[in-house]
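The values are calculated or read from the model by the stated rules, or taken from the named source; none is laboratory data. These numbers come from a predicted model, not from an experiment. Cβ sites come from the backbone with ideal geometry, for glycine too, and all protein chains shown count toward neighbours.
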Amino acid sequence: MVKSITMKAIMKICGATLGLVLLLSAITGCNKYEDGPEISIIPRADRVANTWIFAYAEEDGKNVSDQYDQYELYLNKDGDAELNAKYTVFGNSYETSTDGTWSFTNDQENIKLDFEDDDQDGEYVILRLTSDELWMRDVSQNLEIHLLEK
């Protein structure tokens, strides 16, 4: 016995297929950053909000991590920022701190840091953004920085 397919059944199949196509399109379109992640359900501002340590830095192809290992960067999801450094020079210990703000720019592909100490300001292309990794490249120089969650 042959069953006939009703128009209602066809519409259900088409609707489900269209929904699946839209979902797959959304998933493949979520890779905003060069090094990922492919997809994240955690909003970008929530992933940026963290206390970060400088794990790796490379300038003009040379590892310069030792120039940044004393820094700690705090970012909250409301856009506040703080950069702290603790270092020792000739046996004397020093601490410095500057407050500021951060914001996304360039359709959330970049992050801009604006501190009271203008020497620390910068804009960076985000290469990777997860809850425990933030990789970025300075837009004005050939400097790449990898931050890890503290």
Tell me which of these LYS77 doesn't satisfy, since it passes every other one: (1) within 15 Å of ARG44 (Cα to Cα); (2) touching a strand residue (DSSP E or B) at 6+ places or on another chain (Cβ under 6 Å).
(2)
Could you please give the count of residues in the stretch 108-118 that are outside any strand (DSSP E or B) and modelled with pLDDT of 95 or more?
4
Contact list, first residue from the stretch 65-93 and without any contact (Cβ under 8 Å) to a residue 24 or more places away in the chain, second anywhere and loosely packed, with under 10 Cβ neighbours inside 10 Å, beta-carbon distance below 8 Å, six or more apart or interchain, is ASN84/GLU95; ALA85/GLU95; LYS86/SER93; LYS86/GLU95; TYR87/SER93
How many residues are under 17 Å from ARG128 (Cα atoms), among the acidic types (Asp, Glu) and assigned to a strand (DSSP E or B) if we restrict to the stretch 45-79?
1
Can you name the residue in the stretch 80-114 that is of a type in the set (A, V, I, L, M, F, W, C) and surrounded by fewer than 12 Cβ atoms within 10 Å (Cβ to Cβ) and is also farthest from THR130 (Cα to Cα) among such residues?
PHE90
Could you check the stretch 131-145 and list, in sequence order, the residues that are within 10 Å of the chain's Cα centre (by Cα) and crowded, with 16+ Cβ neighbours inside 10 Å?
GLU133, LEU134, TRP135, MET136
Would you pick out the residues in the stretch 42-79 that are of a type in the set (Gly, Ala, Ser), more than 14 Å from GLU144 (Cα to Cα) and surrounded by 16 or more Cβ atoms within 10 Å (Cβ to Cβ)?
ALA45, ALA49
